[in-house]
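All of the numbers you see were taken from the coordinates with simple rules; none came from a lab. Fair warning: this is a prediction, and the values are worked out from it, not measured in the lab. Every residue, glycine among them, receives a Cβ derived from its backbone with ideal geometry; neighbour counts consider all protein chains shown.
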Amino acid sequence: MIETDILIVGSGCSGLYCALQLPPTKKILIITKSTVENSDSFLAQGGICMLRDESDYDSYFEDTMRAGHYENDRKSVEIMINSSQDVVSDLTSYGVDFHREPDGSLSFTREGAHSSKRILFHEDITGKEITSRLLEQARKRPNITILENTKMIDLMVTGAGCCGAVVERADKSVEPVSADTTVLATGGIGGLYPHSTNYRHLTGDALALAMKYGIELENIDYVQIHPTTLFADEERSFLISESVRGEGAKLYDKNGNRFTDELLPRDVLTEKIYAQMKKDGTEFVWEDLRTIPEDELKSHFPNIITHCREMGYDVTKECIPVVPAQHYFMGGVKVDHDSRTSMTGLYAVGETACNGVHGRNRLASNSLLESLVFAKRAAKAMNRERKTPERALRCRVLRTSDLKEYGNMDAMARLYHRQVRDGISQARNRRGNR
Ligand SMILES: Cc1cc2nc3c(=O)[nH]c(=O)nc-3n(C[C@H](O)[C@H](O)[C@H](O)COP(=O)(O)OP(=O)(O)OC[C@H]3O[C@@H](n4cnc5c(N)ncnc54)[C@H](O)[C@@H]3O)c2cc1C
């Protein structure tokens, strides 16, 4: 049995930042199902929102609410926006290098459904820049241990709540991890979909375990489809960032005519694209990046240019075929404003959690921010908690002899995946029947 004060399941931006916000006196174990670089946080292209100044507050709030169809939790939105400068200040203190103007001030870009420029970026690899700096910091802390290729396969639950998790190590051995507090930071669910921009190993494992133990879930039928991914034969759909459209890229039908406003919210634009594909009898529409000045295109979107070139397209000379794909999960394990789940000793942060901030549809570049803001709040809340003797005792008496039940891991994974898919369809049907 491994023993730790805090177990964080997931090494994306939410898990790492949460660990960094905890006191150095806490023994922290971060586990990740794959290697540390393989998280969606490394894939984020467009950027991270920040409140530029008070004059933008109302507009930012309204844009977030409008994108979420006004189903957002207003308090969560307020917290996210008001905490954005603090989070960005932490990031720059860790060495995150956001793009700057010649005078040294931060540069801002714009994406779909934002009414002004309020997104910080680092080329078109903002997520990699942020998450690799967080990782660097975490590796420097002697109180933080990171175990790669270590998968949470179950939670350890007693009458006192969550007391850790059962994990499968890289060598396939199964081991319990006892922890005072466990944090689910397992990201999204894209691995359950044939076409998704997410890493394939992100399969909503935390949701399956929440279902197993009756931990409350919220809005699990709210799944975002990104309107523009490269139409190509790839394991993971390659995102053509929204900020490309924010900077002027256009969408065309099969005859080369524009058919929509490119800056509509994601869900609305996705519907427009599907409708156009149906009308044209095509599997994609065209996106034209040549409308962006070439200097701007090359300096802001080098990663997109390179990837498209590798797939046979020169975006400076031709249009690229794009198609919608699963991208983001607005629903998840229900949490309060401090990221507590309905089970004692268990928190959830990042894309796995649902604090209602995104409502029915996420506004572009709000997810890195939301992940970080509420991961920090989780850390602060955990730090305020005091262990009761009764809970400590109950966690200690957990038996390890039940590990026999973890014999057929492939079958267990298939069962978890099916349960999550079924849960999402049932939630969708229930909403449809309301
Ligand atoms: C292509 C792409 C572009 C994006 N662009 C942007 C953008 O520009 N701006 C923005 O704000 N957002 C963007 N997003 C969304 C954003 O990147 C994610 O929502 C955010 O990074 C989620 O962070 P996270 O920490 O919750 O999860 P992740 O970064 O996905 O990390 C999840 C972690 O959980 C681990 N894990 C999963 N299951 C288990 C298990 N059973 N046991 C152990 N470990 C497990 C994984 O290995 C991984 O380490 C983008 C997403 C994608 C896919």
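Here Ser115 and Asn149 are evaluated by their C-beta separation; at R0 = 56 Å the FRET efficiency comes out at 0.80.
Potential lengthening of the chain between Ser425 and Asp261 amounts to 56.0 nm, from the contour at 0.36 nm per residue minus the alpha-carbon distance. With the dipole of the chain worked out from charges on the C-beta (+1 for Lys and Arg, -1 for Asp and Glu) around the Cα centre, which of Thr228, Gly47, Pro24 lies farthest toward the positive end? It is Pro24.
The alpha carbon convex hull volume per residue for the range 281-324 rounds to 80 Å³.
Convex hull of alpha carbon positions in the range 163-292: directionally averaged projected area 11.2 nm².
The phi torsions of the range 49-56, fed into the Karplus equation with coefficients 6.51, -1.76 and 1.60 and a -60° offset, translate into couplings of 6, 8, 5, 5, 6, 4, 5, 9 Hz, rounded to whole numbers, with Gly and Pro shown as x.
The range 363-434 and the range 160-187 have Cα centres separated by 11 Å.
Taken over the alpha carbons of the chain as equal point scatterers, the Debye sum produces base-10 log I(q)/I(0) values at 0.08 Å⁻¹ of -0.43.
Around the amide H of Cys354, modelled in the peptide plane, lie the amide H atoms of Val333, Lys334, Val335, all under 5 Å away and 5 or more residues distant in sequence or on another chain. Would you list which aspartates and glutamates come within 19 Å of Lys272, measuring only between C-alpha atoms, while excluding same-chain residues fewer than 8 positions from it? Answer for Lys272, where 19 Å is the Cα cut-off: Glu111, Glu242, Asp253, Asp261, Glu262, Asp280, Glu283, Glu287, Asp288, listed by chain and number. Residue-normalised convex hull volume from the C-alpha trace of the range 226-326: 92 Å³ per residue. The distance linking the range 1-27 with the range 92-116 is 29 Å (Cα centroid to Cα centroid, whole angstrom). Here the scattering of the range 258-312 is modelled by Debye summation over its C-alpha atoms, one equal scatterer each and no solvent; at q = 0.19, 0.30 Å⁻¹ the log10 of I(q)/I(0) is -0.85, -1.08. One quarter of the convex hull surface built on the alpha carbon atoms of the range 239-397 amounts to 13.0 nm², the projected area averaged over directions.
The label point for Thr282 and the one for Arg200, both projected 7 Å from the Cα toward the Cβ, are 2.9 nm apart.
Of all DSSP beta bridges in the chain, what percent run antiparallel (nearest 5)? Roughly 60 percent of the DSSP beta bridges within the chain come out antiparallel.
Each 10 Å bin from zero holds the following percent of Cα-Cα pairs in the range 187-254: 17, 39, 27, 13, 4. Counting only lysines at least 8 places from Lys334 when in the same chain, those with an alpha carbon closer than 18 Å to its own are Lys75, Lys212, Lys376.
For a modelled paramagnetic label at Glu62, 7 Å from Cα along Cα-to-Cβ, the residues of the range 347-363 in reach, with backbone nitrogen under 20 Å, are 358-363.
Go through the range 258-341 and name the GluC sites (Glu not before Pro) that are in a DSSP coil and have 16 or fewer other Cβ atoms within 10 Å of their Cβ.
Sites meeting the loop and neighbour criteria: Glu283, Glu318.
Available extension along the chain between Glu234 and Asn303 is 23.2 nm, counting 0.36 nm per residue and deducting the alpha carbon span. When peptides 387-395, 55-63 are sorted by average Cβ neighbour count within 10 Å, with the highest value leading, the order is 55-63, 387-395.
For Lys298, a cut-off of 20 angstrom between C-alpha atoms picks up these lysines, skipping any fewer than 8 places away in its own chain: Lys117, Lys128, Lys250, Lys317. Counting only DSSP H runs of at least 4 residues, each contributing -39500 (n - 2.57), and dividing by the residue count of the chain, the helix-based mean residue ellipticity at 222 nm comes to -11000 deg cm²/dmol. The stretch between Thr35 and Ser105, if pulled fully straight at 0.36 nm per residue, gains 21.7 nm over its current Cα-Cα span. Working from label points 7 Å from Cα in the Cα-to-Cβ sense, the Asn408 to Asn82 distance is 5.3 nm.
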